[in-house]
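Asks: Sending over a structure as structure tokens; questions will come in a sec.
What follows is calculated from the coordinates using simple rules that are stated; it is not laboratory data. Model, not experiment: these values are computed from the prediction. Virtual Cβ from ideal backbone geometry, glycine too; neighbours counted across all protein chains shown.
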Amino acid sequence: MDPHRKFWNQGHQKLQHALSTSGHGKAIELFLNQHAMVHSAKVSKTKLWSFEDEVLNDATEAQIRCIPPGSSSNGHSIAWILFHLARIEDITMNMLVAGSPQLFVRDGWAKKLKVTTLYIHSGNQMDEVSVATLSAEIDIDALRIYRQSVGRGTRALVGKLKPEELKQKVEAARLQKVMEEGALLPEAIGILNYWSKRTIAGLLLMPPTRHNFLHLNEALRIKHRLQRTI
């Protein structure tokens, strides 16, 4: 395994341990490091390796928008992956953890991204035509800025969490609001059920950290495949 990704995986194990043993200060420190490495260096302004920058810095716009043929890409483009990661982190961290409006709605990102109101959701359970349309039409520069905005918001939010808050489960009213605002497609209700069973600490282990890491691995595979063909 690449040493950077091996280091990230080891850090995630340490984060999981810290969250489960009530080591609050250490847990927050570890979270911020793990989170920094799955976002652009512009988000944290640290000297840590950035997986996102590794994926994107030498990728062309054509490669970012392209959906490679075949099953290995899961019908996804790098553009869709970035959109999905930003939406999931925005929804979970702002709506579920903070109980505040998602940045996508509050700051009018649908217009900035040049996507229709059909794409106000997380991207889960999108059909192939919708993924292709989103990949072709979305403003890539704006998408990167949106994801950076979400990442900075997450870091500010998590830095203020109190030890007792990490043990709490998500309030039912916040979960309901996700569906009311169309932040998830009805077909993706299973994800909401998953979130409902997690504590705040549990949410920190997946959407803003592990979920980013897994999909960036997918994006890297797509880029490497396209670099051999485009």
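Asks: Can you tell me how many residues in the range 26-47 are over 17 Å from the mean Cα position of the chain (by Cα) and of a type in the set (S, T, Y)? Explain how you work it out, then say what you get.
Replies: Residues of the range 26-47 over 17 Å from the mean Cα position of the chain (by Cα): 26-30, 45-47.
Still in the list and also of a type in the set (S, T, Y): 46.
The qualifying residues number 1.
This table checks each residue for (1) touching a Leu at 6+ places or on another chain (Cβ under 7 Å); (2) among the aromatic types (F, W, Y); (3) surrounded by fewer than 19 Cβ atoms within 10 Å (Cβ to Cβ).
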residue: F31; (1), (2), (3): yes, yes, no
residue: A36; (1), (2), (3): yes, no, no
residue: A41; (1), (2), (3): no, no, yes
residue: T46; (1), (2), (3): no, no, yes
residue: D58; (1), (2), (3): no, no, yes
residue: E61; (1), (2), (3): no, no, yes
residue: C66; (1), (2), (3): yes, no, no
residue: I78; (1), (2), (3): no, no, no
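Residue-by-condition table, conditions (1) of a type outside the set (A, V, I, L, M, F, W, C); (2) over 17 Å from the mean Cα position of the chain (by Cα):
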{"position": "L56", "(1), (2)": "no, no"}
{"position": "E61", "(1), (2)": "yes, yes"}
{"position": "H76", "(1), (2)": "yes, no"}
{"position": "R87", "(1), (2)": "yes, no"}
{"position": "T92", "(1), (2)": "yes, no"}
{"position": "M95", "(1), (2)": "no, no"}
{"position": "Q102", "(1), (2)": "yes, no"}
{"position": "L113", "(1), (2)": "no, no"}
{"position": "G123", "(1), (2)": "yes, no"}
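Asks: Let me ask you something else. Is the range 202-214 home to any residue that is polar (S, T, N, Q), farther than 13 Å from C66 by Cα and buried (at least 18 other Cβ atoms within 10 Å of the Cβ)?
Replies: Yes, that holds for at least one residue.
Asks: Now for a separate question. Could you grab the pairs with beta carbons closer than 6 Å, sequence gap of 6+ or different chains, first residue in the range 153-178 and farther than 17 Å from I88 by Cα, second one of a type in the set (A, V, I, L, M)?
Replies: E165/I200; L166/I200; L166/A201; Q168/I200
Asks: List the number of the failed condition for S50; all other conditions in (1) closer than 16 Å to I81 by Cβ; (2) touching a residue at least 60 places away in the same chain (Cβ under 8 Å); (3) within 17 Å of the chain's Cα centre (by Cα) hold.
Replies: Here S50 clears every test but (2).
Asks: Are there any helices (runs of 4 or more DSSP H) wholly within the range 174-230 with 3 or more residues that are under 24 Å from P163 (Cα atoms), and if so which? Quick ask: steps written out before the conclusion?
Replies: Details: elements: 189-196, 200-204, 212-227.
Those helices (runs of 4 or more DSSP H) span 189-196, 200-204.
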